[in-house]
Amino acid sequence: MNERRGPLRTVGRTDPLTLGNAMAANASGTDRLTATGRFNHYASTYLAPVARFYGRLHGRLYRLFGGTRFTTLSGAPVFELTVVGRKSGEPRPVMLMLVRDGEDLLVYGSNGGHPGTPNWWKNLAAAGTAQARVGRETHTVTLRVVTDEDEYEKRWRALLEVYPHAAAYRALSSRQFPIGVLSPQ
């Protein structure tokens with residue numbers, strides 16, 4: 001920690017979160033606080049309207065180009081998941097990191113480390129199914145929430161291989177992110 005700058009802080013915490021105790025809080029020892037991860041966490045926590053706008057713009061451009069452009073975010077591949085809203089009944093598209101596990105896709109509800117669970121996850125959990133668009137292909141997928149601790153850590157490591165910035169979200173958040181396996185129907 002740089003003593004001159006002081007500890008890093010997040011909304012809703014009663015204790016200051018420093019780089020040192022954030023790393024110590026990681027049980028698996030694989031989490032690193034990347035600059036991109038810290039920036040994304042800050043943006044989702046303190047600049048939520050801007051982060052939402054950027055996500056929606058990215059999704060519109062992805063659809064406009066038929067899934068052939070805007071296929072990465074922070075150097076990692078992305079896909080579009082469309083879930084029916086649990087309250088509105090309307091389709092709700094969201095861009096997520098593309099993490100493959102054979103024919104399945106792995107998703108995690110990090111919300112950039114924001115203290116609240118993302119609405120897309122709540123919608124997906126309520127619906128149980130969604131449409132996953134990877135490039136030009138769209139498939140109906142079914143959700144299975146990972147509840148086993150050993151499987152959770154295995155899936156988390158697989159997520160970090162594709163998107164290592166998620167480690168910063170986990171280290172800077174006070175909640176455990178839900179992980180789901182999306183299987184094609």
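The values are calculated or read from the model by the stated rules, or taken from the named source; none is laboratory data. Everything numeric here is computed off the predicted structure, so don't read it as measured data. No Cβ is skipped: glycine too gets one built from the backbone with ideal geometry, and neighbour counts run over all protein chains shown. Protein only, heavy atoms only, side chains kept; ligands, DNA and RNA dropped before computing areas. Shrake-Rupley method; radii C 1.70, N 1.55, O 1.52, S 1.80 Å.
Numerical summary
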| read-out | value |
| --- | --- |
| Residue pairs meeting the criteria (Cβ under 7 Å; at least 6 apart or on separate chains; first touching a residue at least 40 places away in the same chain (Cβ under 8 Å) and at positive phi, in the stretch 133-159; second small (G, A, S) and part of a loop (DSSP other than H, G, I, E, B)) | G135/G67 |
| Enumeration of residues in the stretch 61-96 that are assigned to a loop (DSSP other than H, G, I, E, B) and of a type outside the set (G, A, S) | F65, T68, R69, F70, T71, R86, K87, E90 |
| Selection within the stretch 108-124 - open to solvent by less than 40 Å² (accessible area, probe 1.4 Å), within 16 Å of E80 (Cβ to Cβ) and polar (S, T, N, Q) | N123 |
| Test: residue in the stretch 171-184 that is in a helix (DSSP H, G or I) and either among the aliphatic types (A, V, I, L, M) or open to solvent by less than 20 Å² (accessible area, probe 1.4 Å) (or both) | yes |
| Test: residue in the stretch 42-65 that is among the β-branched types (V, I, T), within 20 Å of H114 (Cα to Cα), at pLDDT below 85 and surrounded by 14 or more Cβ atoms within 10 Å (Cβ to Cβ) | yes |
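This table checks each residue for (1) open to solvent by 40 Å² or more (accessible area, probe 1.4 Å); (2) more than 17 Å from V181 (Cα to Cα); (3) of a type in the set (D, E, K, R); (4) under 16 Å from the mean Cα position of the chain (by Cα).
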| residue | (1), (2), (3), (4) |
| --- | --- |
| T68 | yes, yes, no, no |
| S74 | yes, yes, no, yes |
| E80 | no, no, yes, yes |
| E90 | yes, yes, yes, no |
| L96 | no, no, no, yes |
| R100 | yes, no, yes, yes |
| L105 | no, no, no, yes |
